[in-house]
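**Student:** Pasting a structure below so you can have a look.
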Amino acid sequence: MNEDQIRRMLELLGLALSTGDLKAVANCWAVPALVLSDEGAIAVAELHEIEAFFARAAEWYRSQGLVATRPEVERVDQLSDKLSAVDVRWPAFDSAGAERASERSRPAGRG
């Protein structure tokens, strides 16, 4: 995947997250996958697990008044011909469009 393709995929993911389209969210992932966070590691074998994870996350964000996000690509590292890693900032917005929170991720994938 080149940088433009990565950006387009992340934009699709941001739109899917913002609209609650869990199938589209899952389709932005490849399985198997490993999700690492401060809370631990989650091994993901099936796309329905991605849907369930993001359903819970979306419920929490909405309970905090956060209704939309979009990717801000900070860096793309081409690790090999087929492997890339991306630093992404995900601002979270309330219904008035004000940024209320943000988080960062570093997805890696083949393409």
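**Student:** Limited to segment 80-111, what total is found for residues that are surrounded by fewer than 14 Cβ atoms within 10 Å (Cβ to Cβ), modelled with pLDDT under 95, under 17 Å from the mean Cα position of the chain (by Cα) and part of a strand (DSSP E or B)?
**Tutor:** Total meeting the criteria: 2.
**Student:** Just checking: which of the strands (runs of 3 or more DSSP E) contained wholly in segment 13-78 hold 1 or more residues that are more than 12 Å from the chain's Cα centre (by Cα) and of a type in the set (Asp, Glu)?
**Tutor:** Strands (runs of 3 or more DSSP E) meeting the threshold: 72-78.
**Student:** Tell me which of these residue 25 doesn't satisfy, since it passes every other one: (1) in contact with a Phe, Trp or Tyr (Cβ under 6 Å, 6 or more places away or on another chain); (2) among the β-branched types (Val, Ile, Thr); (3) more than 24 Å from residue 6 (Cβ to Cβ).
**Tutor:** (3)
**Student:** Restricting segment 16-42 to residues that are in contact (Cβ under 8 Å) with a residue 24 or more places away in the chain and within 23 Å of residue 93 (Cβ to Cβ), which is surrounded by the fewest Cβ atoms within 10 Å (Cβ to Cβ)?
**Tutor:** Going through the qualifying residues, I end up with 23.
**Student:** Those residues that are without any contact (Cβ under 8 Å) to a residue 40 or more places away in the chain, in contact with a helix residue (DSSP H, G or I) (Cβ under 7 Å, 6 or more places away or on another chain) and either under 16 Å from residue 103 (Cβ atoms) or surrounded by fewer than 10 Cβ atoms within 10 Å (Cβ to Cβ) (or both), I need them from segment 43-79; list them, please.
**Tutor:** The answer is 54, and nothing else.
The values are calculated or read from the model by the stated rules, or taken from the named source; none is laboratory data. Keep in mind that this is a model prediction, so the values were computed, not measured. As a convention, Cβ positions derive from the backbone with ideal geometry for all residues, glycine included, and neighbour counts pool all protein chains shown.
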